[in-house]
1. Compute the FRET efficiency between residue 134 and residue 48 as 1/(1 + (r/R0)^6), taking r as their Cβ-Cβ distance and R0 = 35 Å, and round to the nearest 0.05.
2. Just from its helices, what would the mean residue ellipticity at 222 nm be for the chain, if runs of 4 or more DSSP H residues each count -39500 (n - 2.57) and the sum is divided by every residue, rounded to the nearest 500 deg cm²/dmol?
3. Evaluate the chain: find the radius of gyration of its Cα atoms, find its Kirkwood radius, and give the ratio Rg to Rh.
4. How far is the Cα center of region 9-42 from the Cα center of region 61-87, in Å?
5. Only Cα pairs within less than 10 Å get springs; with that Gaussian network setup on the chain, which residue of 22, 86, 112 has the largest fluctuation?
């Protein structure tokens, strides 16, 4: 399998939950509420999902598993929501199979996002496409 589109950017109709300090620094990153909804979607699809944790000062993350492989999901909020996903490899993991599993997980998530009216302007990218500001695609 060639590069998968494992970056998804979208807008979401959720209240802004970012918290700033009095000095204007990020105290608690935003978009946890969005990742909670994505977590619920993945649970309904039959995936095992870890609790959400704060990722540094700028995002939230969780681990998703299909029973064979684990995938890392991290959301951050540059302007629109940006969800970055990656397979997590163990010593003897077949990387191509883990990447195929992640792709299938993202295809299912994309269907859920498309059916939920709170999500808009959904665009999928490879890391290279995202970094080069490419147009993106409508599916992973």
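1. 0.60
2. Only helices count here, giving -9000 deg cm²/dmol.
3. 0.96
4. Rounded to whole Å, the Cα centres lie 14 Å apart.
5. Looking only at 22, 86, 112, the largest GNM fluctuation is found for 22.
All of the numbers you see were taken from the coordinates with simple rules; none came from a lab. Bear in mind the structure is a predicted one, so any value in this text is a computation, not a measurement. Glycine also receives a Cβ, built like all others from the backbone with ideal geometry; neighbour counts cover every protein chain displayed.
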